[in-house]
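These notes are about the structure you will find just below.
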Amino acid sequence: MEKERIQRLNADIPTSLEAALRPPQRIPGFAPRRVERVEVTPLPGWFVDRCRRIYMSIPGGGDHSRTIGITSTLAGEGKTSIALGMATALASDTREPTLLLECDLERSSLARICGCAPSPGLREWVETESPLRIVKSSVDHLFIIPAGTPPSDPARLTWELAQSNLVASLAAQFRNTVIDLPALISSSSGSLAARLADQLVLVVRSATTPVNEVERAVELIGRERFAGAVLNAHSPRHLPWSRPPQLY
Amino acid sequence: MSRVLDLVASRWKTFVVLAVLLPAALTAAGSTVLQRTQASVGLWAQAAPSAPQGGASQGSESPAQAQADTITQVIPTTAFAEALRQAMDRAHIGADASERNQLAAAAAPQFRASSAGSHLVLLTYPCDVPSTCVAVLGAAVEAYNQQAAKLRATEIGQIRTALGGQLDDAQNVLVQAENAVATYVAQHPGETPSSASTDPQMDLLVGQLAAAKQQVVSVQGKLSDLQVAAASRAAQGTLTTLDPPHMSRRAVIGDGGIFQAAIILVACLALAAAYLVVLWRLDDTARDPRVLERRLHVPLLVTIPRFSAMRRF
């Protein structure tokens, strides 16, 4: 039963992608089909540049598409902002179709950041088999799939998501896919969702996240899965007469 | 250092409370709550107790300082405790004799004498019952004056005894000299006891007689001076109560407000420092990129500065 449902989901993916990426031609005498487009609040240049350094530090790319997952140890460490910044940088730099997929079903915030309607999203696609909603952003070549309304059982939905061919199908269409993943320790679906990405970037919030918790998260997923870590909200203080510490 | 600054900055409200507000609150509380009541009396010292004759003090000490020193030395003695008890008996302080004995024994070590100027001596006694404090302090002043008078009387008596012995000796010598002259005149009729005599023996006897008279007169003069000095010291050595016993307040810690505030401030700063050390030891949050990289064994790709503008998201 469940297998059949997943098969139906997989069958729907090409149609949704086709609709999002190649809208049908205008038929003479009819109004043009409306394509959903959101105005993403412009991020500061220095922030996008920092995010650019993240993807540039990650090996891969070239002829193959890449799927980078942004995760963290605990919730609220800034992974959604960094995922958006990285997707913006990738889309602007490569001028290739870039997707920002929000998989943090418990604490979805991308729709709020982008100013688009939160649903339907990934949750609705998995649960109700409604068409997959792919939103075109104001940034050229950047597309967004919001998580949708928070479900009551995010772990089950994440498992079904992992069973589907969604990420592989998306990777076939988008050269760059950035996945905003749930937190590894504080979320029940964190480690399961981490399987969706080829490479993981771990966001650590400075002066907030205990290092032993970060160590636990790294050991939980496996050190080799991580392309690297990002120290977010870092503000090293120094005495007025001393040399300011260098940023990485 | 960066980590310490970071810890202080991240909990700056707590440190403001510990290092600024708490000392201020404790100092304010200390000026009203952390104070003890005490009885104090202002005494006027005419002369230093050890001064031989009125007015002049010994060395560089002022009369008040000398009197304060003397009081400090007299107070712990059993003689003073007994005098205090007797003075309390006379003033009917306390319910009965046993209570007075207890009060006298407990009060004696608590008296504090200090000079407050060249001639003013402050004697204080801390306690909680104002009427008893004032009465005990009054009795203490009376007891001290008695003790001082007794000391003076003893001292003058000793000098007088010594001078009396000298006077007796001088008078005996005078009588012997007079007898020797009279005997010589009786044996040598025609000779008169005069310094103009041509007889050398008579001349010698007359000289001895004059010396004996001079010695008697000298000792009598010393005795007269002693009487005058005794009267003078009795008047000047006694402490005059300038400011009658009354109640006042004093800080529990230290001698004054600034000292007390300084002690509270140091204590609070020590508390803040201890809190900082505890934070330092317990804090395991990621702050240093190098430490994070070393502990995770994962490359640190980039550090992103604090982005307050992201709050709008």
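Observations
- Charge-dipole axis of the range B:34-255 as Lys and Arg at +1 and Asp and Glu at -1 on Cβ define it, positive-most pick from B:SER40, B:ALA180, B:THR240: B:SER40
- Our estimate of slack between B:ASP128 and B:TRP12, defined as 0.36 nm per intervening residue step minus the Cα-Cα distance, is 37.6 nm.
- Pairwise alpha-carbon distances in the range B:34-255 exceed 29 Å for 48% of all pairs.
- Gyration tensor verdict on the range B:174-223 (Cα atoms; rounded if a/c is under 1.5, prolate if a/b is larger than b/c, oblate otherwise): prolate
- Straight-line cross-link partners of A:LYS3 among the aspartates and glutamates, defined as a Cα under 16 Å from its Cα and at least 8 positions apart when in the same chain: A:ASP12, A:GLU127, A:GLU129, A:GLU160.
- The share of accessible area on the protein assembly as shown that comes from carbon and sulfur is 57 percent, using a 1.4 angstrom probe.
- Kirkwood hydrodynamic radius of chain A, from inverse mean 1/r over distinct Cα pairs, in Å: 18.7 Å
- On Cα atoms only, tilt of B:22-32 relative to the major axis of chain B in degrees: 40 degrees
- Principal-axis analysis of the Cα atoms of chain B puts helix B:63-74 at an angle of about 90° to the longest axis.
- Relative contact order, percent, chain B [alpha-carbon distance under 8 Å, six or more residues apart]: 28 percent
- Calculated SAXS-style log₁₀ I(q)/I(0) at q = 0.06, 0.08, 0.11, 0.13 Å⁻¹ - the protein assembly as shown, Debye, Cα scatterers: -0.60, -0.73, -1.01, -1.21
- Between chain B and chain A, the total buried accessible area stands at approximately 3700 Å², from heavy atoms with a 1.4 Å probe.
- Normalising by residue count, the range B:86-143 has a Cα convex hull of 80 Å³ per residue.
- Threshold 30 Å², the range A:201-226 residues less accessible with all protein chains present than alone (1.4 Å probe): A:ALA207, A:VAL211, A:GLU215, A:ARG223
- In a simple Cβ point-charge model (Lys, Arg +1; Asp, Glu -1; nothing else charged), the protein assembly as shown has a dipole of about 3040 debye relative to its Cα centre.
- When chain B is treated as a Gaussian network with alpha carbon springs shorter than 10 Å, the biggest mean-square fluctuation among B:GLN158, B:GLN46, B:GLN65 belongs to B:GLN158.
- Cβ-derived FRET efficiency at R0 45 Å, B:THR183 paired with B:ALA153, nearest 0.05: 0.55
- Prolate/oblate/rounded label for the range A:157-214 (Cα gyration tensor, a/c 1.5): oblate
- Helical contribution to [θ] at 222 nm, DSSP H n ≥ 4, -39,500 (n - 2.57), averaged over chain B, rounded to 500: -21000 deg cm²/dmol
- Scanning chain B for cysteines with no neighbouring cysteine C-beta under 4.7 angstrom from their C-beta gives B:CYS268.
The values are calculated or read from the model by the stated rules, or taken from the named source; none is laboratory data. This structure is a prediction, so every number in the text was calculated from the model and none was measured. Cβ sites come from the backbone with ideal geometry, for glycine too, and all protein chains shown count toward neighbours. Accessible surface is based on the protein model in full, side chains and every heavy atom, while ligands, DNA and RNA are left aside. Shrake-Rupley method; radii C 1.70, N 1.55, O 1.52, S 1.80 Å.
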